[in-house]
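Inspection log for the structure reproduced underneath, given as structure tokens.
The values are calculated or read from the model by the stated rules, or taken from the named source; none is laboratory data. Because the structure is a prediction, the values reported are computed rather than measured. We place every Cβ from the backbone using ideal geometry, glycine too, and count neighbours over all the protein chains shown.
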Amino acid sequence: MSPSFQVVAIDDDQIFTDCLKTHLEALGLCVATINDPALAANLDFKNFKVVLLDLEMPFVSGSEILSKIPQDERPLVIVISSHHDVDTRVSMLTDGADYFLSKPINLCEVGLIVQRALGRTWSNDQNQQAWTLSPSGFALTAPCGQSYGLSHSEFMVLEALFLGSPNPISLAELEQHTRKNGGAPSHNFRRSLEVMLSRMRKRFSTDSLPFPVKSVRNMGYVFHGAAEVVD
């Protein structure tokens, strides 16, 4: 596997690793995913700065993989588990994990931990970093200060994504939110939504700042960026 990857996410659940990958890549990180624990057990961990490691996997457990990570040039290890008990947490931290996160995880928390491990920090000026949505003006304002008028349907979709960020919003939830707030019904909501998002990406993106709405396979759509609904 290429040493250009900064982060590797190891979990037998591909949907989960795809979600992690989408979120971290939106932060500008280079992420590899492995869904076969046996393959992960033979990985050269010196190629990575951060390892996201699921504890409960078939055939080869996360604790076994943790024991194979060398002590010299050791990456930061974040163990992720469905267990919430203190004994498991203490055991993993004693065995060499740097962090222990219980599922369901918060993607923003993971992103911040990984960024800090790689020497990156968010700007303290949140107003300059956030995309803002104005209900009174049906307007979207980019971090650079550029404002865009929105149609009713565009606003409803973005409102649902902003309120749900950083977690994915399902297609059904987006459709329900849009119709509940007066959106016009559509016989093919998915197709209409994809066309709308494509137009918004072209309209709101710049060379230095892409519009951060992404699709997450089998989960829906997510706004990957600082998002704030104002007034």
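Observations on the model:
- Residue that is nearest to residue 69 (Cα to Cα) [pool: residues in the stretch 29-44 that are surrounded by 18 or more Cβ atoms within 10 Å (Cβ to Cβ) and more than 16 Å from the chain's Cα centre (by Cα)]: 43
- Take the conditions (1) in contact with a strand residue (DSSP E or B) (Cβ under 9 Å, 6 or more places away or on another chain); (2) assigned to a helix (DSSP H, G or I); (3) closer than 13 Å to residue 229 by Cα; residue 177 misses just one of them, which is (3).
- Qualifying residue in the stretch 65-85 (condition: surrounded by fewer than 18 Cβ atoms within 10 Å (Cβ to Cβ), touching a helix residue (DSSP H, G or I) at 6+ places or on another chain (Cβ under 7 Å) and among the charged types (D, E, K, R)): yes
- Of the candidates 105, 78, the single residue that is assigned by TED's automatic domain parsing to the domain that holds residue 29 and at pLDDT 90 or above is 78.
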